[in-house]
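These notes concern the structure reproduced below.
Taken together, the values in this text are just the output of simple stated rules run on the coordinates, not laboratory data. All values derive from a computational prediction rather than experimental measurement. Cβ: placed from backbone, ideal geometry, glycine included. Neighbour counts: every protein chain shown.
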Amino acid sequence: METEGVGRMEAEGNGRGYLAERGWRSWAFTLDHKRIGAMYLWTTTVFFLIGGVFALLLRLELLSPQAHYFSNHTYNIFFTLHGSMMIFLFIIPAIPSGLGNFFIPLHLGARDVAFPRLNLASYWVFAAGFLVIIGSLVAPMDTGWTFYTPYSAKTGAAVTTLSLGVFLIGMSSILTGLNFIVTIHKMRAPGMTWHRMPLFLWAMYATSIIQVIATPVVGVTFLLLAAERVLGVGFFDPAKGGDPVLFQHFFWFYSHPVVYVMILPAMGIVSEVIPVFSRKPIFGYKAIAYSSLAIAFMGFLVWGHHMFTSGMSPLANAIFSFLTFFVAVPTAVKVFNWIATLYRGSITFESPMLYALTFIFLFIVGGLTGPFLGAMATNVQLHDTYFVVAHFHYTMMGGTVMGFFAGLHYWFPKMTGKMLNEKVARIAWALVFVGFNVTFFTMFIAGTRGMPRRYAEYLPKFHTENVISTIGSAVLALGILVMCWNFLQGLRKGAPAPSDPWRALTLEWRTASPPDVENFHEIPRVADWPYGYGTPKA
Amino acid sequence: MSDPSAEHHDPAVAFESAKLGVWTFLATEVLLFGALFTAYTVFRMKYPELFRAEHAKLDRVLGAANTVVLITSSFTVVLGVDAIRRGKARRLEAYFGATILLAGVFLCVKYVEYAAKFHHGLYPGTNLFFSLYFMMTGLHGIHVLAGMALLSYVVVLSRRGRFSASYHTPVEMSGLYWHFVDLVWIYLFPLLYLIG
């Protein structure tokens, strides 16, 4: 980015920057968005690893067609914990609250978010939420992460406690989203017009809007579920005139838009990484920027496609199906623009780029299997089969998690002031890539052949697919372990990172690695967009 | 909500940020209540007779009285905000104190109403109408409590001399929130008490 004055050359030295202060108090009471972001990153990564262990246990059980290692009930608990942890404690907060907190103010050329205390509060509300959720493990959930009534209103599991935990997590998510919206509106550096903002910010802005609008609805839904269990209010109980499908409407009114909370930030990261490692200006800046908003908007109109088999009217089904296909348009707009950016670029394959390209590749597979589920006729065949499991793992893990990994590798030097071992990073990437595809592509095949999801036992004819898938999951786990080891090694003894190791142009690379508490000694003045690669200045 | 001590803000930006933040927060509140209003709509369309019969068991006089109480409290909040804009902190404290008092009256009346319902064996879960009644007014009641806490905090800050004609962001923001709490009741009252 073209900046004037001191802002451009201020990056100096390799001190400990914002990490200089030590001791737990310097973290627990910090108002520094970078530290709060780092706390979110650590916390969510731990839950990612725990959730991953549950996934491995599930795959282990599915090695044989009969229940082998543990009971069906235990299996139900494990997949519920896997889903709930991954979604509520990892994938929703990880990129927005972790990387977003760290990099939104840096991208904007600001010293912090608009409400630093609210930011810290959101972390501690999040912490309270996960503590309550951990507390609910005394009677672990067995409902799946969707908590469908009437079962969730009756099961002996600690649904009420868990509801409270999810409510708190949701509250933290709202506070973060609200903070980001105000920050992006009010804290932009002089000259940083909307159309000079990095695309990561557009993605985060759209994400925040969804968080703020959708999350209150799921909050009240969980309150009603708790009221159903404690007071027997009967909203979701047919015996009292209530309607279980109403619960599903409420639930998916949040939980469909929230898949865009999961994917949009990852798309933002990919939009940053692709031009840097192609040495080319991003193609279709405005199209990518506004498609984020379009996805956020349309995401609110399609929740019904989760309910085609729940007994909605055929008209409602048809409308939701039709609208669902429309979401594919802004998504495809992004993909085409990334590919157009790559076209004739001077591409290099550093680890962030490998993950970004993996994102595009896997997300295309995940995205294109979406319309099979959006179309009613095929949906009825594929509903609740492993095809669905494969589809959302391709979008959520192949998409979001790969985007997250791209972001971690891309920004590791900035966040820590240390470089990663690039060779080890590439080995980890190769294992993750192969392991992921072996695990989940076979699930498409098992699903189309009719294997239902969420059962500990299955017909012997699906045995081969399941064995292959389990082997894949082991490779994937190995890849992630190597990656984590690499991160820890990088933290301990990585080479000092220069301020701009990737020759990138967004503002965070104009500060020291790691940045000082104040971010910028002098607030930069922005005179251009941040994608002028391939021009003499870059 | 606001962070007046943040050094990196100039006061005008801080005020605008706080305002945008509170309005965004109120949008989330609309959606929080929105789900309940949706449930209300669904069930009222499904069971119109139940709603007509059951709503007659609510006490319209107390409901109407409470509406007057809350509207008056909104008025006193406006007077309080107006006072501090002229730099009159003591009058702000008096008007906000009156608001807190009126909010207390509202909750007392609500308590009388709830007690009467329980006495007649009407609980959440008795039927869908009363489930909605208790959930909606209960959630609203929690917001009234939160509002009282917020306004009290503002009064305490004011007594410490924090506010002046030039800086009174928290006063304005708590006022906005209080108007929202009133507004929700303005919808709840006819929907629950005045079904034709």
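This ranking places B:Asp182, B:Asp10, A:Asp528 by how few other beta-carbon atoms lie within 10 Å of each, fewest first, which gives B:Asp10, A:Asp528, B:Asp182.
The chymotrypsin sites (Phe, Trp or Tyr not before Pro) of the range A:488-538 include none that meets both conditions, a loop assignment by DSSP and at most 13 other Cβ atoms within 10 Å of the site Cβ. Note: relative contact order over chain A, using C-alpha pairs below 8 Å and six or more positions apart, is 23 percent. Between A:Glu457 and A:Val230, the distance separating the two model label sites (each 7 Å from Cα on the Cα→Cβ line) works out to 3.9 nm. Counting neighbouring beta carbons within 10 Å and listing from fewest to most, the residues B:Tyr193, A:Tyr394 come out as B:Tyr193, A:Tyr394. Per-residue mean of foreign Cβ neighbours for B:116-129 is 3 (Cβ atoms of other chains, 10 Å radius).
Can you give me the C-alpha center-to-center distance between the range A:445-462 and the range B:66-133, rounded to a whole angstrom? Each part's Cα centre sits 57 Å from the other's.
What does the structure give for A:231-243 when I average, per residue, the other chain Cβ atoms found within 10 Å of the residue Cβ?
Partner Cβ neighbours, averaged per residue: 5.
Give the aspartates and glutamates reachable from A:Lys34 as a straight Cα distance under 20 Å; neighbours fewer than 8 places away on the same chain don't count. Within the straight-line limit of under 20 Å, A:Lys34 reaches these aspartates and glutamates: A:Glu10, A:Glu12, A:Glu21, A:Asp112, A:Glu272, A:Asp500, A:Glu508, A:Asp516, A:Glu518, A:Glu522, B:Asp3, B:Glu7.
Of the chymotrypsin sites (Phe, Trp or Tyr not before Pro) found in the range A:92-145, not one falls in a DSSP loop while having at most 14 other beta-carbon atoms within 10 Å. Taking B:His120, B:His140, B:His55 as the candidate residues, the one with maximal mean-square fluctuation in a Gaussian network model of chain B, Cα springs under 10 Å, is B:His120.
For the protein assembly as shown, the dipole from Cβ point charges (+1 on Lys and Arg, -1 on Asp and Glu) about the Cα centre works out to 420 debye, to the nearest 20.
What FRET efficiency comes out for A:Arg344 versus A:Ala287 if R0 is 25 angstrom and r is the Cβ-Cβ distance? Round to the nearest 0.05. Efficiency, rounded to the nearest 0.05: 0.85. For B:Lys19, the lysines whose Cα falls under 17 Å of its own Cα, not counting residues fewer than eight places away in the same chain, are A:Lys186. Its relative contact order, with pairs defined as Cα atoms under 8 Å and 6+ residues apart, puts the range B:28-193 at 32 percent. For A:Lys418, the residues 5 or more places off, or on other chains, whose built amide H falls under 5 Å of its own are A:Ala497. Taking θ as phi - 60° and the Karplus parameters 6.51, -1.76 and 1.60, the scalar couplings of the range A:56-65 work out to 5, 5, 4, 4, 4, 4, 7, 4, 10, x Hz in sequence order, x denoting glycine and proline. Placing unit charges on the Cβ atoms of the charged side chains and taking the dipole of the range B:66-196 about its Cα centre, the candidate lying farthest along the positive direction among B:Ile100, B:Ser166, B:Val77 is B:Ser166. List the relative contact order of the range A:244-401 as a percent without decimals, with contacts defined as Cα pairs under 8 Å and 6+ residues apart. With pairs under 8 Å counted, the relative contact order is 32 percent. Residues whose amide H lies under 5 Å from that of A:Thr385, counting only those 5 or more places away or on a different chain, are A:Arg453; hydrogens are built 1.01 Å from N in the peptide plane.
In terms of other Cβ atoms within 10 Å, B:Trp185, A:Trp42 run from fewest to most in the order A:Trp42, B:Trp185. Between A:Phe297 and A:Leu488, residue separation times 0.36 nm minus the direct Cα-Cα distance comes to 64.8 nm. In loop segments of the range B:131-172 as defined by DSSP, the trypsin sites (Lys or Arg not before Pro) with at most 12 further C-beta atoms inside 10 Å of their C-beta are B:Arg160.
Working note: Karplus 6.51/-1.76/1.60 with θ = phi - 60° gives the range A:372-378 the couplings 4, 8, x, 7, 4, 4, 6 Hz, where Gly and Pro are set to x. Between A:Arg525 and A:Glu4, A:Gly7, the built amide H atoms are under 5 Å apart, and every one of these is 5 or more places off in sequence or on another chain. Apply the a/c threshold of 1.5 to the C-alpha gyration tensor of the protein assembly as shown and tell me whether it is rounded, prolate or oblate. Judged from the Cα gyration tensor, the protein assembly as shown comes out oblate (a/c at least 1.5, b/c at or above a/b). Which FRET efficiency value, to the nearest 0.05, do you get for B:Ala146 and B:Leu194 by plugging their Cβ-Cβ distance into 1/(1 + (r/R0)^6) with R0 = 25 Å? With a Förster radius of 25 Å, E is 0.40. For the pair B:Arg85 and A:Phe322, a Förster radius of 45 Å applied to the C-beta separation gives a FRET efficiency near 0.30, rounded to the nearest 0.05.
Taken one residue at a time, the phi angles of the range A:414-422 give Karplus couplings (6.51, -1.76, 1.60, θ = phi - 60°) of 6, 6, 10, x, 10, 8, 8, 6, 5 Hz. Gly and Pro are set to x.
Inter-chain Cβ neighbour count for A:181-191, averaged per residue, equals 3 (cutoff 10 Å, partner chain atoms only).
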